[in-house]
Every structure is written in structure tokens, then in C-alpha cells.
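Structure record follows, encoded as C-alpha cells.
The values are calculated or read from the model by the stated rules, or taken from the named source; none is laboratory data. Keep in mind the model is a prediction, meaning the values are calculated, not measured. We place every Cβ from the backbone using ideal geometry, glycine too, and count neighbours over all the protein chains shown.
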Amino acid sequence: MAVTGKDLSTERGAAPGGFWRRAYAVAYGVTLLLAVIAAAAVISVLTERGSVVLDDVRYGRPRTTHVAGFVGHGEAAGQPTHLTAINLNRQIVIVELPGGDAAQVRTLAGPYLFGADEHLTPVTLTLRDLDGDGAPDLLLGIRREHVVYLNRDGAFRLPTPEEQAALTAQRDP
């Protein structure tokens, strides 16, 4: 005759302390969930701080960037024109040194930035012929937006509404 056995502790309600085991499992799950939420919050803060530190290394404080290129502004001596964009307490200022000559310095007032921590927003400068006239135009990049300064009559200026419509028509065929 064979002896068989049955584990009675697997039956529902048969084991003493079964309620407490389930309660501990639920408490463990809740604790794990809270730990994941806390870790995500810490990672988010560290990522944001890391981004600010990286921008400090790249652009400094105040946020500054520059570009040099031959744009046709007083470059007879063979020196390129230097353009520097500065975010001064949310006001973008562009400084132009035509042909690298500091005696001929010009400034362009850029946009004013609104919002929290916008004094830490970096700006970028790009020289590109946007209107097809053969002279490089100035493209000011702020986050995912761009401001165009057309290169006309030896200086950079904002486009007129007609020029803006023509630029938009060229971009969107």
C-alpha cells in the first residue's frame, strides 16, 4: 500500500497567518512602487541639473555664442566678420564686428525671452543664404525657433512682411 500526502497549507485559509503574508506582499509592492517613483524624481532632477551644467560649460554665463564668416561687411582686409549673441537677462543682443574691426562694431537687438529660467536659455547663430541672393543671412536659434536677419545693404536686418512671405513660400512649396 502506498502512502500519499497532501499539503494542507496550500488550501485557502488553511495556513495560519495567510492574511499577514498577503498584507506583507501588498506592503512590499507599495514600497517598491514608491521607491521607483522616488528614483524617477531623483533622475529627473539630476538630468535637469546636468543639462544646466552642460550649458554652462558650452555657453557660459551669461549664455554666449559666436560665429565668424565672410558676409560682405567690411572684409577688405581678408578678416571675417565676427558675430556674437548674448542672452543678457532674457534680452538677446547680437554684436557684429565687420571684418573683425572693433572700431566698426554694430549691435542688433534680438527678442526678449519670457518664462522661468529663460536667462539660462542658450542661443545659436548660423550663417546661411535663405533668400537666394548670394549673401549669407543670419539665423538666430532659440530653442526650436529661429529668427531671420537678412543681409541687405551691408548690414543685417529683420525681413519686411513681403520678404517674410517670400521666405515662407520658398520653404513650403
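Structural remarks
- Scanning segment 92-115 for residues that are part of a helix (DSSP H, G or I) and either outside the structural domain of GLY74 (by TED's automatic domain parsing) or small (Gly, Ala, Ser) (or both) returns GLY99, GLY100, ALA102, ALA103.
- Residue count for segment 137-155 under the criterion of being under 16 Å from ALA85 (Cα atoms), out of contact with any Lys or Arg (no Cβ under 8 Å at 6 or more places or on another chain) and outside any loop (DSSP other than H, G, I, E, B): the result is 8.
- Considering segment 114-136, the residues that are out of contact with any Asp or Glu (no Cβ under 9 Å at 6 or more places or on another chain) and under 12 Å from ILE86 (Cα atoms) include one that is surrounded by the most Cβ atoms within 10 Å (Cβ to Cβ), namely VAL123.
- Residue check for VAL67: surrounded by 15 or more Cβ atoms within 10 Å (Cβ to Cβ), touching a residue at least 60 places away in the same chain (Cβ under 8 Å) and assigned to a loop (DSSP other than H, G, I, E, B): no
- Residue check, GLY134 part of a loop (DSSP other than H, G, I, E, B), closer than 25 Å to GLU48 by Cβ and modelled with pLDDT under 95: no
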